[in-house]
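> Encoded as structure tokens, here's the structure I'll be asking about.
Since every read-out is calculated from the coordinates, none of them should be taken as a lab result. Not measured: the values here are computed from a predicted model. Using ideal geometry, Cβ is built from the backbone for each residue, glycine included, and neighbour counts are taken over all protein chains shown.
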Amino acid sequence: MGSQTKLSRRDKISLILRHLQGNQGYFAGAIFLAYMNTVCNALIPQIISVTVDSVLGTKEPNLPRPIEQLLPLEQLRADPYRALWLAAGAVVLAAAIRGICIYGMRIHLAKGSEGFVKKLRDGLYSHIMRLSFDWHTAHATGDIIQRCTSDVEVIRTFVCNQLVEVLRTVFLVALYIGIMLFMNWRLALVSLAFLPITALASGVFYGKISSRFKTADEAEGALTTCAQENLTGVRVVRAFGRERFEIDRFAQKNDRFSALWVELGKVLSVYWASGVLLVCLQIMAVVVVGTVAAVNGSISLGEFQAFIIYNSAMAWPVRSLGRVLSEMSKAGVSMDRVGYILNASEEQDGPAAKDVELSGDIVFDHVTFGYEGQNVLDDASFTIPQGSTFAILGGTGSGKSTLVHLLDRLYDLGEDQGSITIGGVDLREIRRDSLRSQIGLVLQEPFLFSQTIRENIAATRPDASDEELRRCAQIACVDEAIADLPNGYDTIVGERGVTLSGGQKQRVAIARMLLQNAPIMVFDDSLSAVDAETDAKIRAALKDRMAQATVILISHRVTTLMQADRILVLDAGRVSDIGTHAQLISRPGIYKEIYDIQMSSDDRALIVEGGEA
């Protein structure tokens, strides 16, 4: 998944400011303390300069008048040893204040950064939860995770460290340049002559590194996706002996990711090496010119020492701007990637959408729907009477699951794609939350959370009693299996329910849906992993429970569907036939062909036991 869009500078600033709300005070305090630290650091060369030139020497201090008036120069000159102790004490005091400022700055940054990143993560996760189903199906999970973790961390590091460092460096350069110009403008110009060269080199470097960071980030997303897919699909990998293939596939992506960072390292190495050369040339130029000036008497020894300190102290922070620029480039790419998610359109209900208590017949009226320009449903029309059991049979790709997705508004119909109504109310006029809370859904591949079985079943109704929970498990024919587990209902299932068999997972999902007690219940091939006998038991137990509910059964197994009130047969997205089991087997067609193929002696025994519709 590429970034797709690139945020403008204004959008990036807006993204940062929006998530800084509530934490601005911490960052303002950190910046103020960083400035105080810089001021205290700037005082130390002045203390040394005045001590050398005006206390130990005879030069009149070149200081602001208020400071000169407070300086007991004659007393200090009369007692040089006392003056040296006072100078040392002043340096120690300035260093101590610097330490306090740094400590306070770090505390403020820690609080502000955690508040910022928490708000960003919460907002990102909340937004992802409200994105449409088709958005999720179009994007790799591993890449989404990488954007929500690595990219968020890059943004946090930049905002909470590099950005403050930039502001501190700008203040430091402005302050030191002002002091150096005040002390000796000619020598100051020698030092400043290297700043444009450094700025130009940083700009060129920024341009080269930005696209490389973007490519490396996308490669990391692909690597994360590969690892995530193999970890969640470990059963398939082992079952088909694909370990070697998957190891090679991961290694190939890892090689590309490593190669990209090697290329980045080369660019970084060239920049840092050239930067060190520029810094050394700058310091050497100031030392040479300053030495000549000191010999000629145009600058005092103390001023020359202060100049060397200021020049060195300014050169490295300016040089570090290149590192900050590289981080800014990386953060810019991460903001594009995170912004791509935040700018994705959330599911939106129409302005007239309202909460509706679902009641009445479900009517599909000339529904045509497809993906990527290819129709999956073609002019499908049928009615599901309220309180009935309605079955759907069809081959793979015939549109069975798409019907369910449309009913649950995981996808929405366009204006010219027909309509779906419940009790005469178009689904597009019902709020999604209201609709989905009243439709119970069990998928062919149910998802279980890495929690206890009790928590998984109670996901639809966390306030349900243990008695209600156990009763639903009994109807789903999974209560006895749970009782045999080491900790019963408190047994923690593995990731995605991996510690349970396929049939157990499906039955736990059925119990979870039954606990919802929804007026519409959908079983999307949700009994495919259980044997025919258990299938029959579950269907028999569901009869009383679902007496008042509208039930939609989707299955490839005729024995699961034959007792339904009506059976819909789909063929390549079109309604091929519809009727009762008796009607459908009495005439030639897809249903009768499947019935004849599937009916074994065991199946017939189950039919006789359950009663034929």
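> Could you run the Karplus curve 6.51 cos²θ - 1.76 cosθ + 1.60 with θ = phi - 60° over region 37-52 and give me ³J(HN,Hα) per residue in whole Hz, x for Gly and Pro?
Residue by residue, region 37-52 yields 4, 5, 4, 5, 5, 6, 6, 4, x, 5, 4, 5, 4, 5, 4, 5 Hz.
> List the chymotrypsin sites (Phe, Trp or Tyr not before Pro) in region 430-498 that DSSP assigns to loop (not H, G, I, E or B) and whose Cβ has at most 11 other Cβ atoms within 10 Å. Which are they? Could the numbers behind the result be given before it?
Working: sites: PHE447, PHE449, TYR489; in loops: PHE447, PHE449.
Passing both the DSSP loop test and the Cβ count: PHE447.
> Hey, another quick one. In nm, to one decimal, how far is the modelled label at ASP463 from the one at LYS208, with both set 7 Å along Cα→Cβ?
That separation, rounded to one decimal, is 6.4 nm.
> Provide the gained length on full extension for the span GLN474 to MET284, in nm with one decimal, where the gain is 0.36 nm per separating residue minus the Cα-Cα distance.
Numbers: separation 190, 0.36 × 190 = 68.40 nm, distance 8.51 nm.
Stretched out fully, the GLN474 to MET284 stretch lengthens by 59.9 nm.
> I want to check the label-to-label distance for ASP361 and MET599. Put each point 7 Å from Cα in the C-beta direction and report it in nm to one decimal.
That separation, rounded to one decimal, is 3.0 nm.
> Sticking with this structure for a sec: At a threshold of 8 angstrom on Cα-Cα distance, excluding pairs fewer than six apart, so keeping six or more, what relative contact order does the chain reach in percent? Intermediate results must be reported in sequence, preceding the final value.
On the way: 816 pairs, mean separation 85.3, N = 613.
RCO, the chain: 14 percent.
> If we sort 302-313, 160-171, 342-353, 395-406 on the protection proxy, mean other Cβ atoms within 10 Å, highest first, what's the order?
Values: 302-313: 21.6, 160-171: 17.7, 342-353: 12.6, 395-406: 19.3.
Order by mean packing, descending: 302-313, 395-406, 160-171, 342-353.
> Can you work out the Karplus-derived ³J(HN,Hα) for every residue in region 561-575? Use 6.51 cos²θ - 1.76 cosθ + 1.60 with θ = phi - 60°, whole Hz, and x for glycine or proline.
Using θ = phi - 60°, the values come out as 9, 5, 8, 5, 5, 9, 10, 9, 10, 9, 9, 6, x, 10, 6 Hz.
> Using modelled backbone amide H atoms (1.01 Å from N, in-plane), which distant-in-sequence or interchain residues come within less than 5 Å of VAL575's amide H?
Hits under the 5 Å cutoff: SER381.
> Taking the Cα centre as origin and putting +1 on Lys and Arg beta-carbons and -1 on Asp and Glu beta-carbons, what dipole magnitude results for the chain, to the nearest 20 debye?
Values: 60 positive and 68 negative charges, 634 e Å.
Its charge dipole is roughly 3040 debye.
> Quick query: amide H of THR580 versus all other amide H atoms, modeled in the peptide plane; which residues come in under 5 Å with a sequence gap of 5 or more or a different chain?
Amide H neighbours of THR580: ILE567.
> If you take the alpha carbon radius of gyration of region 118-263 and divide it by 2.2 N^0.38 Å, what ratio comes out, to two decimals? It would help to have the intermediate numbers written out before the result.
Details: Rg = 23.4 Å, N = 146, 2.2 N^0.38 = 14.6 Å.
Working it through for region 118-263, the quotient is 1.60.
> As a footprinting exposure proxy, order CYS280, CYS40 by other Cβ within 10 Å, with the fewest listed first. Working shown, then result.
Working: CYS280 11, CYS40 19.
Neighbour counts put them in this order, fewest first: CYS280, CYS40.
> Which of LEU84, SER555, ILE422 sits closest to the plus end of the dipole of the chain, meaning its Cα is farthest towards the positive end, when Lys and Arg get +1 and Asp and Glu get -1 on the C-beta?
Final value for the positive-end residue is LEU84.
> Which value, in debye to the nearest 20, describes the size of the charge dipole of region 9-342 about its Cα centre when Lys and Arg Cβ atoms bear +1, Asp and Glu Cβ atoms bear -1, and nothing else is charged?
Values: 34 positive and 25 negative charges, 115 e Å.
So the dipole magnitude of region 9-342 works out to roughly 560 debye.
> With the alpha-carbon atoms as the only input, what is the per residue convex hull volume for region 9-342 in Å³?
Roughly 166 Å³ of hull volume per residue.
> Now a separate question. Could you please rank VAL289, VAL493, placing first whichever residue has the fewest other Cβ atoms within 10 Å of its Cβ? Walk me through the intermediate numbers first.
Values: VAL289 17, VAL493 21.
Fewest-to-most ranking of VAL289, VAL493: VAL289, VAL493.
> Calculate how many DSSP beta bridges within the chain are antiparallel, expressed in % of all such bridges and rounded to the nearest 5. The partial results should precede the final answer.
On the way: 20 of 39 bridges.
If I count the DSSP bridges inside the chain, around 50 percent turn out antiparallel.
> Angle between the Cα long axis of helix 601-610 and the longest principal axis of the chain, 0 to 90 degrees, nearest 10?
The angle comes out at about 80 degrees.
> On to the next question. Let me understand region 329-474 better: what is its radius of gyration from the alpha carbons, and its Dmax, in angstrom?
Rg and Dmax of region 329-474, Cα atoms, are 19.1, 60 Å.
> While we're here: Grab the DSSP H runs of the chain that are 4 residues or longer, score each as -39,500 (n - 2.57), total them, divide by all residues and round the 222 nm result to the nearest 500 deg cm²/dmol. Intermediate values should be presented prior to the final figure.
On the way: 25 runs with 379 residues, N = 613.
Calculated from helices alone, the mean residue ellipticity at 222 nm is -20500 deg cm²/dmol.
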